[in-house]
Amino acid sequence: MPRAIWSGAISFGLVNIPVKLYSAVSRKTVRFHQIDAESGQRIRQQRVNPASGDEVPYEQIVKGYEISPDKYVTITPEELEALEPQKTRTIDIEEFVDLEQIDPIYYDHPYYLVPDKGAGKAYKLLLEAMEQADKVAIARVVIRSKENLVALRSYDGAITMETMLFPDEVVQPDSIEELTAVDGDVKTTKRELDMAKQLIESLSSDFDPSGYRDEYRERVLDMIERKAAGETITVEAPEPERKEVPDLMAALEASISASKSPPKKKAASRSNGSGSKKSTKKKTAAKK
């Protein structure tokens, strides 16, 4: 059962809507511990002074910011607390924008906002108003002593809150040398572009998230289960990577030809998810 990780209120003009915050994702990463191969015991991490080799007690550790190699400015907890944003417990909406104006690169982590006691009507009013206006709210909120820029939007009958990156946190493409070289030196022909567009068209379909799964995680969990049952795992040597760059036109032609007869696995996943596609389309139409 999900647990609320924050509670406060959405500040919407002079309206306050008490809400609770729930994470909208549940990461399924397979996590491993570090184990001593000889004893089978879990390794304990220690904080060690590299000069003396002695373990440093936690109460003796302070925060330091490196300003040059091996030179630090130390900061006390009290100094940081004096600079922390005021914990207002409100999600302050600053403006409403069109969803298309927000590039997905700015999104960080999704959450659900749910109405607290007695806030159902005000919550639904904001939800329906955003749906009918087709707008997204841009707001600020302080969570765990950090001020976050967030986007509030309607999703499947709920208000979601996406934490966002600030502009200076996004790496711009022109700062990457290889991308700058491609933009200036590489030229494409009209025939190549037409074939690339044809390939895109042949692979285009409605997005169905149920047709995708983390196959690597499934293989890892399957291997763990087999090893736990006492099975001996045989590791096969991976095939060497091919470094040569294929002929672009030949690769496009072969890709278009292959796309005309989709793999069985892909076709099966689409047929199985046909019902969910229809429901997705209905939801999309309803939102519009």
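The values are calculated or read from the model by the stated rules, or taken from the named source; none is laboratory data. Everything numeric in this text was worked out from a predicted model, so none of it was measured. A quick note on method: Cβ atoms are made from the backbone with ideal geometry, for glycine too, and the neighbour counts reach across all protein chains shown. Side chains included, ligands, DNA and RNA excluded: accessible areas come from the protein's heavy atoms. Shrake-Rupley method; radii C 1.70, N 1.55, O 1.52, S 1.80 Å.
Give the residues of region 3-34 that are open to solvent by 90 Å² or more (accessible area, probe 1.4 Å) and over 20 Å from ASN148 (Cβ atoms), sorted by residue number.
Listed by number, the residues that qualify are LEU14, LYS28, THR29, ARG31, PHE32, HIS33, GLN34.
Going by the structure shown, is THR76 open to solvent by less than 80 Å² (accessible area, probe 1.4 Å) and at pLDDT below 85? So that I can check it myself, show each step before the final result.
Values: open to solvent by less than 80 Å² (accessible area, probe 1.4 Å): yes; at pLDDT below 85: no.
Answer is no for this residue.
Do we have LYS146 as in contact (Cβ under 8 Å) with a residue 12 or more places away in the chain, of a type outside the set (Gly, Ala, Ser), under 29 Å from ARG3 (Cβ atoms) and exposed (fewer than 10 other Cβ atoms within 10 Å of the Cβ) here?
When the stated conditions are applied, LYS146 does not pass them.
Could we say that GLU178 is over 21 Å from GLY13 (Cα atoms) and of a type in the set (D, E, K, R) here?
Working: over 21 Å from GLY13 (Cα atoms): yes; of a type in the set (D, E, K, R): yes.
Here the answer is yes, as GLU178 does meet what is asked.
Quick grid of which residues meet (1) open to solvent by 70 Å² or more (accessible area, probe 1.4 Å); (2) assigned to a helix (DSSP H, G or I); (3) β-branched (Val, Ile, Thr); (4) over 14 Å from TYR155 (Cβ atoms):
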| site | (1), (2), (3), (4) |
| --- | --- |
| PHE96 | yes, no, no, yes |
| LEU113 | no, no, no, no |
| GLY118 | yes, no, no, yes |
| LYS121 | yes, yes, no, yes |
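Looking at ILE138, is it closer than 30 Å to VAL114 by Cβ and either of a type in the set (Asp, Glu) or surrounded by 10 or more Cβ atoms within 10 Å (Cβ to Cβ) (or both)? Lay out the reasoning, then the answer.
Details: closer than 30 Å to VAL114 by Cβ: yes; either of a type in the set (Asp, Glu) or surrounded by 10 or more Cβ atoms within 10 Å (Cβ to Cβ) (or both): yes.
Considered against the rule, which asks whether it is closer than 30 Å to VAL114 by Cβ and either of a type in the set (Asp, Glu) or surrounded by 10 or more Cβ atoms within 10 Å (Cβ to Cβ) (or both), ILE138 comes out as yes.
What are the residues in region 123-173 that are in contact with a strand residue (DSSP E or B) (Cβ under 9 Å, 6 or more places away or on another chain) and part of a loop (DSSP other than H, G, I, E, B), if any?
LYS135, ARG144, LEU165, PHE166, listed by residue number.
For residues in region 35-52 being aliphatic (A, V, I, L, M) and assigned to a loop (DSSP other than H, G, I, E, B), which is surrounded by the most Cβ atoms within 10 Å (Cβ to Cβ)? Walk me through how you get there before you give the answer.
Within region 35-52, the subset aliphatic (A, V, I, L, M) is 35, 37, 43, 48, 51.
From what's left, assigned to a loop (DSSP other than H, G, I, E, B): 37, 43, 51.
Working: ALA37: 5, ILE43: 9, ALA51: 6.
For region 35-52, the residue satisfying everything is ILE43.
Could you please tell me which pairs satisfy a Cβ distance under 6 Å, a separation of 6+ or placement on different chains, a first residue in region 112-128 that is free of Cβ contacts under 8 Å to residues at least 40 places away in the same chain, and a second residue that is among the aliphatic types (A, V, I, L, M)?
Taking only residues 6 or more apart or on different chains, the pairs are LEU127/ILE159.
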